[in-house]
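Shown next, in structure tokens, is the structure this report addresses.
The values are calculated or read from the model by the stated rules, or taken from the named source; none is laboratory data. Everything numeric here is computed off the predicted structure, so don't read it as measured data. Using ideal geometry, Cβ is built from the backbone for each residue, glycine included, and neighbour counts are taken over all protein chains shown.
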């Protein structure tokens, strides 16, 4: 009978709650080849890290407003650009260029970006490069340089920061491009 009492006492006694097991971090897996890695990563979903707090917004710097450049008046003189255009035309005449022409584009300078266009024709690519080199030799002592030069066997395009663009063509290319027709309404400078 005594044994029965002991059994009943044991069964009526409260059992302590089982302890929760903490998950141990798994050791990193050995490196696999790239083909196996991509296949393995395709099978295992990646865990997203969710932040519980927001980061403060970065302070923005105040930038001074940039004013728009004033529009050029079409009648405003551009003496430096005109002098440069005339000197380029003079050098082209000296190098035996044909059909030398200066076009005044100041009426559309705000949209075009330059004041004068100088056009000249040369028979060969050697003559075109000689015209360009003559202009360069003239302007080098004055400290003026071309801002960009694009050359091909039948066309040399030279632009200057003062508002002048010079085009030296072969006659065929000049006829094909037809800048005279493009600027037919613009006045010519003599």
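Of the numbered criteria (1) closer than 17 Å to residue 83 by Cβ; (2) surrounded by fewer than 17 Cβ atoms within 10 Å (Cβ to Cβ), the one residue 164 fails is (2). Quick one: in segment 88-107, which of the residues that are touching a residue at least 24 places away in the same chain (Cβ under 8 Å) and in contact with a helix residue (DSSP H, G or I) (Cβ under 6 Å, 6 or more places away or on another chain) is surrounded by the most Cβ atoms within 10 Å (Cβ to Cβ)? Residue satisfying both the conditions and the ranking: 88.
Could you please let me know if residue 136 is in contact (Cβ under 8 Å) with a residue 24 or more places away in the chain and part of a helix (DSSP H, G or I)? So residue 136 fails the test.
Picking from residues in segment 108-131 that are within 28 Å of the chain's Cα centre (by Cα) and in a helix (DSSP H, G or I), the one that is surrounded by the most Cβ atoms within 10 Å (Cβ to Cβ) is 109. Within segment 167-178, the residues that satisfy the criterion of being touching a strand residue (DSSP E or B) at 6+ places or on another chain (Cβ under 6 Å) and surrounded by fewer than 18 Cβ atoms within 10 Å (Cβ to Cβ) are 171, 173.
The lone criterion from (1) at pLDDT below 90; (2) touching a helix residue (DSSP H, G or I) at 6+ places or on another chain (Cβ under 7 Å) left unmet by residue 184 is number (2).
Taken over segment 144-161, residues that are surrounded by fewer than 17 Cβ atoms within 10 Å (Cβ to Cβ), touching a strand residue (DSSP E or B) at 6+ places or on another chain (Cβ under 8 Å) and within 21 Å of residue 99 (Cβ to Cβ) amount to 3. Scanning segment 142-150 turns up at least one residue that is farther than 21 Å from residue 109 by Cα, assigned to a helix (DSSP H, G or I) and at pLDDT below 90.
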